[in-house]
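To start, the structure itself, in structure tokens.
The values are calculated or read from the model by the stated rules, or taken from the named source; none is laboratory data. Being a predicted model, the structure only gives us computed values, none of them experimental. Reconstructed Cβ throughout: ideal geometry from the backbone, glycine too, with neighbour counts over all protein chains shown. Please note that ligands, DNA and RNA were not included when accessible areas were found on the heavy atoms of the full protein model with its side chains. Shrake-Rupley method; radii C 1.70, N 1.55, O 1.52, S 1.80 Å.
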Amino acid sequence: MNGVLPDSEIRKLIETGVISADAPILPEQIQPASLDLRLGTVAYRLRASFLAGKGRRISDRLPDLQMHQMSLEDGAVLERGCVYLVPLLESIRLPKGMTAVANAKSSTGRLDLLTRLVSDDGTEFDRLPESYGGPLYAEICPRSFSVLLRPGMRLNQLRLRHGQSVLSDAELRDLNRREPLTGGDALIDQGLGFSVDLRPDEGDLVGYRARPHSGVIDLDRIGEYPAAEFWDELHTTDGRLILDPGAFYILVSRESVAIPADYAAEMAPYLAMVGEFRVHYAGFFDPGFGIGAHGAGARGVLEVRCHEAPFVLEHGQVVGRLVYERMAKRPTRLYGADIRSNYQGQGLKLAKQFG
């Protein structure tokens with residue numbers, strides 16, 4: 001059956017060797033509709049980001065582009081503004097008819113830690129074509145904060161699918177009638193649109209802006225960093241915010257959204273807005289998001305970077321959309337209900353490293 005593969009099918013791929021690793025794959029890596037990927041033991045500082053290109057391997061391109069190699073075994077700092085390549089512990093051999101797409105995990109995106117999957121023979125970031133077989137790499141570029149990394153850390157995740165199962169707008173409207181996808185009126189246009197909230201129900205805190213000269217963040221330290229040392233709070237009472245070019249913002253959607261158990265979703269930019277700013281998308285939404293133990297939907301956290309010119313963002317302005325896909329089979333566990341999920345029932349929330 002076409003659709004996104006659930007946790008039970010991912011386990012079968014591991015058992016049959018389609019997905020393998022240099023160290024045993026851990027149960028906690030398997031999410032309802034994706035597999036967390038782990039960093040290996042070395043990182044290469046690069047002169048520039050690159051793709052292998054058709055018919056070429058990463059290992060063949062690396063000598064020309066690497067500046068130096070560093071071990072992650074005892075922890076290593078990846079510096080803000082630099083580009084690194086880290087071989088992942090996992091490798092894959094996709095059967096015919098199966099493709100894969102990668103994305104940053106939620107906490108990775110909220111740290112403005114640009115993390116993209118690259119592979120041999122690759123002509124696109126974050127995409128594996130059917131029948132791909134070989135190693136996997138993470139290209140990492142810390143954009144707001146320098147970070148301390150170690151082997152085994154999980155910065156990105158892989159979603160696998162048979163065929164294509166993206167819902168058309170008509171199918172999405174039908175699903176919304178049966179299982180409401182948002183707390184208000186659904187804006188459906190090439191997916192479920194959502195807007196930015198700049199008029200909160202309580203107070204006037206609408207978001208955060210990354211401070212440009214902060215310290216190093218150890219990703220293993222959960223809840224230990226004072227937010228004020230890394231972020232400036234953003235307050236407004238007039239429902240608008242002027243985005244500064246090059247600055248990174250954490251905002252929140254006005255709408256709550258829900259992902260029913262038989263579906264998965266991915267965040268994508270709202271096409272009309274691409275020329276002004278980008279909503280950075282750590283974009284996988286698992287089955288059960290916004291439902292789970294809460295049942296009332298959860299708002300989406302927006303990771304926003306402005307482009308070349310200052311831009312006025314208004315309350316209720318549409319900034320992104322969720323593209324829904326069918327699951328090939330219902331997961332055995334749902335986001336939030338059966339697994340420990342840091343962002344279920346969320347509102348405006350920084351990454352889990354901040355107290």
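Only a single criterion out of (1) touching a strand residue (DSSP E or B) at 6+ places or on another chain (Cβ under 8 Å); (2) open to solvent by less than 30 Å² (accessible area, probe 1.4 Å); (3) over 16 Å from Val118 (Cβ atoms) is not satisfied by Ser107, namely (1).
Given the residues Ile25, Ile14, which is the only one that is of a type in the set (A, V, I, L, M), in contact (Cβ under 8 Å) with a residue 60 or more places away in the chain and not in a strand (DSSP E or B)?
Unique residue meeting the criteria: Ile25.
Looking across the range 150-161, the residues that are within 18 Å of Met267 (Cβ to Cβ) and either open to solvent by less than 20 Å² (accessible area, probe 1.4 Å) or in a loop (DSSP other than H, G, I, E, B) (or both) come down to Leu155, Asn156, Gln157, Leu158, Arg159.
Would you confirm whether or not the range 318-327 contains a residue that is farther than 18 Å from Lys105 by Cβ, open to solvent by 20 Å² or more (accessible area, probe 1.4 Å), in a strand (DSSP E or B) and at pLDDT below 90? So far as the range 318-327 goes, yes, one or more of its residues are farther than 18 Å from Lys105 by Cβ, open to solvent by 20 Å² or more (accessible area, probe 1.4 Å), in a strand (DSSP E or B) and at pLDDT below 90.
Starting from the range 176-192, take each residue that is over 14 Å from Ser256 (Cα atoms) and list its partners that are acidic (Asp, Glu), counting only C-beta distances under 9 angstrom and pairs at least six apart or across chains. Every condition considered, the pairs that remain are Ile188/Asp169; Asp189/Asp169; Gln190/Asp169; Gly191/Asp169; Gly191/Glu266.
The listed residues are Ala138, Ala100, and the only one of them that is closer than 18 Å to Glu266 by Cα and in a strand (DSSP E or B) turns out to be Ala100.
Looking only at strands (runs of 3 or more DSSP E) that lie completely in the range 162-243, which have at least 2 residues being at pLDDT 95 or above, open to solvent by less than 40 Å² (accessible area, probe 1.4 Å) and more than 30 Å from Ala76 (Cβ to Cβ)?
Here the list reads 205-210.
When the range 113-135 is filtered for residues that are surrounded by fewer than 22 Cβ atoms within 10 Å (Cβ to Cβ) and either free of Cβ contacts under 8 Å to residues at least 24 places away in the same chain or not in a strand (DSSP E or B) (or both), the ones remaining, listed by number, are Asp120, Asp121, Thr123, Glu124, Phe125, Asp126, Pro129, Glu130, Ser131, Tyr132. Among the residues of the range 262-296, just one is modelled with pLDDT under 70, within 21 Å of Leu111 (Cβ to Cβ) and of a type in the set (A, V, I, L, M), namely Ala282.
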